[in-house]
Each structure stands twice: as structure tokens, then as C-alpha cells.
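Okay, so here's the structure we're looking at.
Each value in this text was obtained by applying a stated rule to the coordinates, not by laboratory testing. Everything numeric in this text was worked out from a predicted model, so none of it was measured. With ideal geometry, Cβ positions are generated from the backbone for all residues, glycine too; neighbour counts draw on all protein chains shown.
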Amino acid sequence: MNEFIDTYSDDLLYLIDFRDSHLTHPGKRTSEQLMYGSLCRIFCAFMIGSIEAMIENWKDRDSNGILDSYFLKGSNESRINSLKNSFIENNIAVEESILNEYLAIKYVRNSIIHSGWNESQKEFIQEMGFPLDTRELNEIHLEKMYKVNIEMMKYIASVGMPSFNNLNLNSKLPTVKSYFTKKEFIGFLWHNMEQMEYLWKDDERNEITAETKFNWNLFKSLVIQDNIELSELNTNFEILKKLVDNKNYSKIPIGYLNISSISDFESLDINFQNELSKMLDVNKEETKRIIIAINQGKKSYDIIINNSIPRLLKKVNNNEESKLALKLFEFGRLYYKYAERR
């Protein structure tokens, strides 16, 4: 891929990621008006560069010379109109409004880059729904820029791959909540502990020890205690370990059984109980305990995703909690081995 197409694409993706992380950052009180104005100004500059780089580099795939019209001498308006007509003449379906909005965004971009407005372009910019004061750019304008960028890339790609024109691409700006959900907050706690383990320094021992204790206790109360039967952990661990050690795997991939939906084995239809035991390749008397062990192993696999936290807890001399976290990590790996028949 061309260097500049690649880097422009990265830049635009990171701008959208920045928006998401900035809006949900627990330590930020964001002025959305200022943030969206800034994002729009940066996005439109890089978006125009991205589209023009793509047009330049797609010419090699353009056997019909469709894109040549963009490079003819003349005003931006005449070049965009020529490009639009060229698309239509070559059976590439385009929305006229998209190309008009692209032209308006290019005018806005030029005004930002050159720090001044072209008087002859102002009326058209307003007609396309953009303000004449770049401080007034907002989320609605970013939505429009995002859609125009996606659609323009589709039109250009259709020059070399006609079937691409028929795709219905998702051109809506990704939605984002301006707050953390419980799941996201739990992920934040985990990432925070990972960073503390990675950045561990002896001269920060006291601070990291206190932060680790707070993060781990909160993580444990929000996730582990609600999902893992700690009093049965050793028993369930040994049940699953025995299955793996003996390679006594389910006869069909464990994901197909969806046994996490089975909360009470004894309440199941007797025939289904028998079939489930056969699929798990165990005695019926063992099935209930094995289902519990497998489900607990899967939860451990989802909760303790690597062994960085056991290492961190050991570094801060919280040995009992380190042993617990390590046991849960190993339990999750047993589930993985069982599910993958390793």
C-alpha cells in the first residue's frame, strides 16, 4: 500500500479513537464543543489529503481514465463536476450530494490551511451545511465528514473493482457513550494493573502497593466474587485438570454445546441429560459436577486474561492474593486446553 494512503488512513482512525477515549476518560471533563470543533478541523485536512492520495494512486487501476478528470486544469468546482460526470458515464452510481459536500469540505479545509475564507465560496459552504466560522464546527459536521470520506473511498475503489460500488458500507460515525459501563470500567481496572506491573520500579513501591491493593480489591469484588465460587475453586480446578490430563474431551466442540446456559442439570429433560453425558463423554453421575467445573473454568478464562496481575500482586508482597489470581489464571488455561482439545 502507498505510504501516504496508509498513514492518512491511520491518522483518521486514530482521530476517531481519540474521540472515543477522550469522551470516556474517567479523569477528563470534556468540553464537547471545543473537542468536536478541533476534531473537525483536523479531520477535514487529513481527509482531503487521504482522498486525493487515493485518487492519485488508483489511476493505475483505472483502465477507463475515469479519475483523469480530477486532474484537469480548472477550478475545484469544475474538477469535482467533471469527476462526478465521469463516474456516472462509467456506470458508477454516486450521490450528487456526497460530491458537493466533498467540495464544501475541501473549501473549509483550504480556509483552515490558508487562514482565510474565499468570498466566492462562502454561499456554497453554507448551502452544504457547514459554518463560516470554524469554531462552530460540531459533531453533526464530523458525522457528515466521516460519511463523505467513506462514500468517496467507495466511489474511487469502484474504478478498479466495479462490484465494490454495490456494497452498502456503514458510513455512520461510531456511537460512543460518554461514560464507562461496568464492563468497560472492569477493563479499565485490569489495564491499570497491567500498566503498574509493566512500569514497576522499586522507588515507587509504596505508591504502587497502595494502588494495587485498591484496584485488586475493587476488581475482585466487582468480578471474581460475583462469578467464581471460591469455596469450590480447588475442587473444580481438579475436575477440569483431570479431564485435560486424561484427554477426556467432549465429543463435539465445547462451544457448540453452549453449556454456560445450563444452570441446573437436574432440571433438564432426562433424555437430554443422557445425551449431554454422551457428548461430554462422561458418566451421567459426573456430568453435573463437570458442567459446573467447565463453566467456572470459562469464567476464569474470561476474567484473568493473562498472568500480569499475579506477578504484580507478588511484587507488592500480597502473596495470598497472588496465589488466588494465579490459580484462576491456570484454571482459565485449563478451560482453554479443554475447549481446544490441547
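Based on DSSP H runs of at least 4 residues, each adding -39500 (n - 2.57), what is the mean residue ellipticity at 222 nm of the chain after dividing by all its residues, to the nearest 500 deg cm²/dmol? It comes out at -21000 deg cm²/dmol, rounded to the nearest 500. With the cut-off at 1.5 for a/c, could you classify the stretch 182-339 from its C-alpha gyration tensor as rounded, prolate or oblate? The shape class here is prolate. As a rough guide to protection, the peptides 224-234, 292-302, 185-195 ranked by mean Cβ packing within 10 Å, highest first, stand as 292-302, 185-195, 224-234. The alpha carbon radius of gyration of the stretch 1-109, expressed as a multiple of 2.2 N^0.38 Å, is 1.29. Scaled against the 2.2 N^0.38 Å expected of a compact globular protein of N residues, the Cα radius of gyration of the chain reads 1.42.
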